[in-house]
1. Can you tell me the convex hull volume per residue for the protein assembly as shown, based on C-alpha atoms, in Å³ to the nearest whole number?
2. Under 8 Å for C-alpha pairs, at least 6 residues apart: give me the relative contact order for chain B, rounded to a whole percent.
3. Could you line up B:T481, B:T330 from fewest to most neighbouring Cβ atoms inside 10 Å?
4. By how many nm would the segment from B:N5 to B:H112 grow when fully extended, if each residue of separation counts as 0.36 nm and the alpha-carbon distance is taken off?
5. Using a cut-off of under 17 Å, list every residue of segment B:482-497 whose amide N is near the label point 7 Å from the Cα of B:A532 along the Cα-to-beta-carbon line.
6. What distance in nm separates the simple spin-label points at B:A31 and B:A521, each placed 7 Å from Cα in the Cβ direction?
7. What is the distance, in nm, between label points placed 7 Å from the Cα along the Cα-to-Cβ direction at B:A20 and at A:L98?
8. Amide H neighbours of B:L471 under 5 Å, at least 5 residues apart or on other chains, H built in the peptide plane: list them.
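Readers should treat all values here as calculations from the given coordinates under stated rules, not as data from a laboratory. Computed from a prediction, not measured in an experiment: that's the story for all the values here. Here the Cβ positions follow ideal geometry from the backbone for every residue, glycine too, while neighbour counts run over all protein chains shown.
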Amino acid sequence: METQDLQVRLRGEVHRLVAPRDQKYQSNFVEFRNHKIVYRRYAGLFFCVCVDANDNELAYLEAIHLFVEVLGMEYALQLLWCKPNPYPDSFFDNVCELDLVFNFYKVYAILDEVFLAGEIEETSKDVVLARLEELEKLE
Amino acid sequence: MVYHNLKALIKGIRACKTVADERALIKQESAAIRASFREEDSYARHNNVAKLLYIHMLGSEAHFGQMECLKLVASPRFGDKRLGYLGIMLLLDESQEVLTLVTNSLKNDMNHANMYVVGLALCTFADIASEEMSRDLANEIEKLLGSSNTYIRKKAALCALRVVKKVPDLADHFVNKAKNLLADRNHGVLLTAITLVIEMVQSDSACLEEFRNAVPLLVRHLKSLVTTGYSPEHDVSGITDPFLQVKILRLLRLLGKNDPQASETMNDILAQVATNTDSTKNVGNSILYETVMTVLEIEADSGLRVMAINILGKFLGNRDNNIRYVALNTLNKVVSIDTNAVQRHRNIILDCLRDGDISIRRRALELSYALINENNVRVLIRELLAFLEVADDEFKLGMTTQICLAAERFAPNKRWHIDSVLRVLKLAGNFAYTASKLYNALRSDISQESLTLAATWVIGEYCEVLLEQGLVDEETPKSVTDTDLVDLLISVLDSPYANYLTRQFVLTAITKISSRPTASASQQERIQTLLASYTTSP
């Protein structure tokens, strides 16, 4: 129970910290307790990671983008939408909050192929997508 | 009503008009799920757990589903296993007894014939393993580090990372396997192996020595990433696997620290990366930034250090807030060591005082304090005073102190010092801090003429602030009485350091004190007696 309360509280705190920030005049980093939040905004969706004070913030911005690209790529879109992506070359413009909500468990499956134990696990989008395809066949 | 699957439940919750409706619905659905769990309905289990995890995501109690997740994990169907492990990752925390049962499931699945099942077990372990679980499964993890399957090797490497974080003593368990992995040709495996080694060398000094001789190998890896042309699989805006480059640079930093020979071995490649990496996009700058941090921490030659500081100087002119932010942060860390190299970028640092982003202004301000010396004190104080006029209120308090301290320390002459302090007082909205600071300074030392003059003037001018707010630079404000103030000023008057000028200042100050409504009758009388004795004095 305690951990769950903590999770909910942390989520609220991070939200209050990040949501009102100015996109033009502020950096994508906020100090948070003894850590830093690195975040990136895609339309109405915020992706936030919490990193150590001496971590490379710029590299984490790239890591977020890698994940977002994987999320939005053709195969992942099929996973999320259960239909072919009409715009195979563009990413993420086509994924909206609802897709992520209704398929939250698949988002976790995708996340688990990119990050593990809080670290980046795979940097090749092709490898990740091929694995996801295999995983889906096993369902 | 009871929702027959996850999608129906999500739609139901989203259709709720009020928070109260939503709560009622979740409560009702939770009760239904709980009842269904009691019936041991294995067909409904998958659906129920999926719904429960969604409810959990919304912040409601869902821990009663833990055992059901374990039952799903024991199912032969892959879909059930996957959901079961997801449930375990989300619902369990490290302290629970259910973990023993989870440990057994993980052990079984780590030996499963299907690599994806092994992958699920490794993924779960890497995210939730406790200290006890780490001890129990360290051997399995070590075995899987030697797997012929890259998918399993890379996940096992991050499981080993989890083990080392939980039980640092177990680090030497993985040394040999980790050494082999550093030579792996697969990027994913190499990346995770380096991540593991970074943790190992940080937690254990014996490991650090073990891995020093990996420096030439790491240098070769980095060189091949930098020199290979376009490689579609790992390309990010024209750069080959920036994530791997950043990790290699980070490990090099740890291995080169305090080791001149290792530092020498990496000197050339660091220079090459610093010179050739494209700085027009964030991705290139993330590598340059990591390179700079490595150069500044190892035993790099002075040319390379200057090059690193210059990269940061260039960052300061970048239009991207993020780049300026990291540059100022890093310069703040090194300014005490590489002061001269940082001085060269003084003008652009001062420009950052007018940045649109307050956290950039804050860091630029800290950096400017560190840059003040005898040679530039006039210029820098002038700039800071100009900034004080427009500065955010939250900066003013700190700035008044910093400017006064620097003005005192590096003053070219007394007049300049007094002028500067007076301008601070004129500009800053809040004088209490400065007044109490100067009061304390004067109390501990009355031999410095310029300090005495400034403090005396301020105490006279702002005695009311001092009397009302007390001495504010301590944790709890300490009150100060008008007797204290007059005592202090008279001690200046009577001291052997007193001269014509200081006497004038003191007499003016006490006259001011006596004329304020805050002065007590006894002190007014005391001051009048004193002034009377000076009426005939020169």
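1. It comes to 199 Å³ per residue, whole-number rounded.
2. After rounding, I find 5 percent.
3. With the sparsest Cβ surroundings first, the list reads B:T481, B:T330.
4. Additional length available on full extension: 35.5 nm.
5. Those under the cut-off are none; the list is empty.
6. The modelled label-to-label distance comes out at 7.8 nm.
7. 2.8
8. Placed amide hydrogens put B:K478, B:S479, B:V480 under 5 Å from B:L471.
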